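The block underneath contains the structure these notes are about, expressed in structure tokens.
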Amino acid sequence: MNKISKKNLTILYVEDEEIIRKEISTILGFIASEVIVASDGEEGLNKFQDNKIDLIITDVNMPKLNGFDMLRAIREQSQVPAIILSAFSQPDFIKQANQIDIVNEYLLKPVDITILFDKINKNYEKIKKQREYQEVSKLLEQYKIAVDKSAIVSKSDITGKITYANEQFCKISGYKLEELIGNSHNVVRHPNNSKAFFEDLWNTIKVEKRIWNGRFKNRAKDGTTYVVDATIVPILNTLNEIEEFIAIRFDVTEVEAYKEFLQEKLHSSQEDVQKKIHLVKEYEQMINISASVIRVDINKEITFANDRILQLLNYKEEELLKKELLSIIDKSSLETYNKVFNEVIEKNFWQGVLKLCCNKEKNIYYMDFTFRTIKDIKGNIIEFMGIGKNITETINLYKEIEDTQKDVIFSLGTIGEARSKETGNHVKRVAEYSYLLAKKVGLSEEEAELIKMASPMHDIGKVGIPDAILNKPAKFTPEEFEQMKKHTKIGYDMLKNSNREILKASAIIAYEHHEKWNGQGYPRGLKANEIHIYGRITAIADVFDALGSNRCYKKAWELHRILELFKEEKGKHFDPELIDIFFENLEEFLVIKEKYKDEFDELEVYR
């Protein structure tokens, strides 16, 4: 027997017979980092309450408090999993154990240590996934708190009715949360804002489905005015339909008040020309300090860059002057850049995000820019001015949150696989195969990435299938197969009510990845294009990986045998167009298979 590695696991072991208690607790010490021992149910309950326990292993017949009553008391305060070791096999005992939902296994004495270790390892994998999920959930909650504390945040439905407002929104507006929910943002609209202004805003976010950014006045409940710099984002589903709007605003009341003060001074008839020029310079200096400023001529060549943008991009002024603005634009922003000046000329301004390149470090910075035309006294355009703010930190935070969400989805996806003794590499390979096939069939990068993130959830419904069926090392009976097929509907029902794009895609994949092109699949017998493209893609990825991997009921197939099956099932099980694409790009699929191949399971060495 090879050396058994200890798990980060605390086990509570309850047994009244001293000889058995000493023997088993010593053996458990080889696999668990800590074993806490009790000689009866009452002592076991007390030790559970005094310690942080991960797994309970207990006898049934014991003095003071039997194992069943102890577990019922524990279940009232915790969902820590339990394994029963008992010398009794009567149906009544097993029935009682099944009625306590934290009991995962019922093993008869004398215990086969190999089987016991196998059950402990299974529970440990679930415990690790739960720990990971709790850690990620805590991290996401901290991100949400950070955003909520620093910004004014609200959400609204497609009609504009507020569905969520954070504490900062309530504080600055003076309204209670219940006064905001269900109302439109008109409740805080300032009468000085024109109707045309909001028509343009609404057209941008609802009709064009684009992000809107700008400043406007709001009026609090007590009548006071405050100014916000707002970014409003339409949230789209997989059908490119708007699900909701999220608005993040920052209070810029003091800055705007100072700007209005300067403007008032500029237009005051009491000020002479010299004083006005002085105020203009003061105002210009304030802008230079607080924002990145760049000016370009009608040929789009840089004629001025202030210190703030020079320091950010690590350029000297002489290195930028007379260079085309395009030279500092990252190639991923070229499409946006090409639209900037057409829109500026048409509307006199453009507002949006551009990615700029650093001179030496090759760092990328996200800049929220506003470009305007500068005209002479006759109305001719003589140059363009851009004023921007660095939002790189905010963008990176959003990316980090998105990456964390991906990790949560992947971790959840591996739960179903862990119960059926499949490795996490299975869902990794299925995700990579699905992404590759989606790209090759012509789906966009965004949609291919969505399938990659959602496909790990294809078998999440297996959490509802009994172990006896899930891990049966033989062919299913007709009744067992009907039970197994239910995992598609279970997975769909778990995910279908979410408004999140990833989970909606996951619901489709969970429901349809066992449908067949000829209509003979399950659960609904869909055929051909009735099956969503996500389901058709994942079906090929899942079957290719399942056939090529060892399972409890079969050995891995050789590659030539898998490919022969795929040829036979083209137009039967699988979408014929996708099968052609699969064979045309077979080498790339095999690279993924090799990259994420399964490592030898340590448990199998000593089992």
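The values are calculated or read from the model by the stated rules, or taken from the named source; none is laboratory data. These figures come from a predicted structure and were not determined experimentally. When we count neighbours, we look across all protein chains shown, and the Cβ atoms used for this are built from the backbone with ideal geometry, even at glycine. Heads up: the accessible areas ignore ligands, DNA and RNA and are worked out on the full protein's heavy atoms, side chains in. Shrake-Rupley method; radii C 1.70, N 1.55, O 1.52, S 1.80 Å.
Here are the numbers for this structure:
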| item | result |
| --- | --- |
| Any hit, the range 10-26, residues being among the polar types (S, T, N, Q) and part of a loop (DSSP other than H, G, I, E, B) | no |
| Residues located in the range 544-564, provided they are open to solvent by less than 30 Å² (accessible area, probe 1.4 Å) and closer than 23 Å to THR477 by Cα | ALA546, LEU547, SER549 |
| Complete set of residues in the range 170-219 that are in a helix (DSSP H, G or I), without any contact (Cβ under 8 Å) to a residue 40 or more places away in the chain and open to solvent by less than 40 Å² (accessible area, probe 1.4 Å) | CYS170, LEU180, VAL188, PHE198, LEU201, THR204 |
| VAL37 being more than 23 Å from GLN130 (Cβ to Cβ), outside any loop (DSSP other than H, G, I, E, B), in contact with a Ser or Thr (Cβ under 6 Å, 6 or more places away or on another chain) and of a type outside the set (S, T, N, Q) | yes |
| The lone exception for PRO91 - which of (1) open to solvent by less than 70 Å² (accessible area, probe 1.4 Å); (2) without any contact (Cβ under 8 Å) to a residue 60 or more places away in the chain it fails | (1) |
| Residue list for the range 565-583, filter: assigned to a loop (DSSP other than H, G, I, E, B) and open to solvent by 20 Å² or more (accessible area, probe 1.4 Å) | GLY571, LYS572, HIS573 |
| TYR315, sole failed condition from (1) outside any strand (DSSP E or B); (2) touching a helix residue (DSSP H, G or I) at 6+ places or on another chain (Cβ under 9 Å); (3) open to solvent by 40 Å² or more (accessible area, probe 1.4 Å); (4) in contact (Cβ under 8 Å) with a residue 12 or more places away in the chain | (3) |
| Number of the condition not met by ASN529 [criteria: (1) open to solvent by less than 20 Å² (accessible area, probe 1.4 Å); (2) more than 21 Å from ILE490 (Cβ to Cβ); (3) assigned to a helix (DSSP H, G or I)] | (1) |
| Test for GLU587: is it more than 29 Å from LEU495 (Cβ to Cβ) and either part of a strand (DSSP E or B) or not hydrophobic (A, V, I, L, M, F, W, C) (or both) | yes |
| Evaluation of ALA507 against (1) touching a Phe, Trp or Tyr at 6+ places or on another chain (Cβ under 9 Å); (2) outside any loop (DSSP other than H, G, I, E, B); (3) loosely packed, with under 15 Cβ neighbours inside 10 Å (one fails), failing number | (3) |
| So LEU45, is it touching a helix residue (DSSP H, G or I) at 6+ places or on another chain (Cβ under 6 Å), at pLDDT 90 or above and closer than 24 Å to TYR124 by Cβ | yes |
| Selected residue [of a type in the set (A, V, I, L, M, F, W, C) and in a loop (DSSP other than H, G, I, E, B)] from LEU65, LEU45 | LEU65 |
| Subset of the range 26-42 (residues that are open to solvent by 20 Å² or more (accessible area, probe 1.4 Å) and under 16 Å from ASN121 (Cα atoms)) | ILE27, GLY29, PHE30, SER33, GLU34, VAL35 |
| Output for the range 171-217, where each listed residue is in contact with an Asp or Glu (Cβ under 7 Å, 6 or more places away or on another chain), at negative phi and of a type in the set (Gly, Ala, Ser) | none |
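Conditions (1) at pLDDT below 85; (2) surrounded by 21 or more Cβ atoms within 10 Å (Cβ to Cβ), marked per residue:
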{"residue": "THR58", "(1), (2)": "no, yes"}
{"residue": "MET62", "(1), (2)": "no, yes"}
{"residue": "LEU65", "(1), (2)": "no, no"}
{"residue": "ARG72", "(1), (2)": "no, no"}
{"residue": "ILE84", "(1), (2)": "no, yes"}
{"residue": "ALA97", "(1), (2)": "yes, no"}
{"residue": "LEU108", "(1), (2)": "no, no"}
